[in-house]
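Worksheet: the structure to be examined is printed underneath.
Computed from the coordinates by the stated procedures, all read-outs in this text should not be read as laboratory data. All figures in this text were calculated on a predicted structure; none of them were measured in a lab. We place every Cβ from the backbone using ideal geometry, glycine too, and count neighbours over all the protein chains shown.
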Amino acid sequence: MSLERNFRELFSQTVTLFPSASLDKYGKRAFTASASVTACAHYVSDTVLSRDEMGREVYEDGRFYLYGVFPVTTDFKLRLEDGTEPVIVGVDTPFDQNGAHHTVVRVGRGA
């Protein structure tokens, strides 16, 4: 077995990412199901006080490590296998000497 295959086995969950399609006049987002992407993920629960991309303090409840690189932003909707939809408070794409190799979606709630 290759290292890549062993690494893939850690990602036992499946999540679906929906891009934002539009905003209504009240600021509520509509999402596009036709452009949704399903990804293998690994969830790590860890409550941390951090800052979102706007500089506001937010509580992170955990992180989803996605197998692969995805162009995800905080405007996306994340749906878990059980149908719950945690709020995306941040997205990171770690790099190494070979480039980007996975995506980290931080989920939580506002402070």
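With label points built 7 Å along Cα→Cβ from the Cα atoms of S34 and E53, find their separation and express it in nm.
About 2.5 nm separates the two model spin labels.
I need D92, D61, D82 ordered by Cβ neighbour count within 10 Å, fewest first.
Starting with the residue having the fewest Cβ neighbours, the order is D82, D92, D61.
Restricting attention to the range 47-111, which trypsin sites (Lys or Arg not before Pro) occupy a DSSP loop and are surrounded by at most 15 other Cβ atoms within 10 Å?
Working: sites: R51, R56, R63, K77, R79, R106, R109; in loops: R56.
Of the trypsin sites (Lys or Arg not before Pro), the ones in loops of the range 47-111 whose Cβ has at most 15 other Cβ atoms within 10 Å are R56.
Can you tally the net charge around E60? Count Lys and Arg as +1, Asp and Glu as -1, for every other residue whose Cβ sits under 11 Å from the Cβ of E60.
Taking every other residue near E60 into account, the sum is 0.
Taking a ≥ b ≥ c as the square roots of the eigenvalues of the Cα gyration tensor of the range 47-99, is the shape rounded (a/c under 1.5), prolate (a/b larger than b/c) or oblate?
Cα axes put the range 47-99 in the oblate bin.
For the range 3-110, which semi-axes, largest first and in whole Å, follow from the square roots of 5 times the eigenvalues of its Cα gyration tensor?
One finds semi-axes of 23, 17, 14 Å for the range 3-110.
Go ahead and set up a Gaussian network model of the chain, Cα springs under 10 Å, then flag whichever of T84, T73, T16 fluctuates most.
The residue that fluctuates most here is T84.
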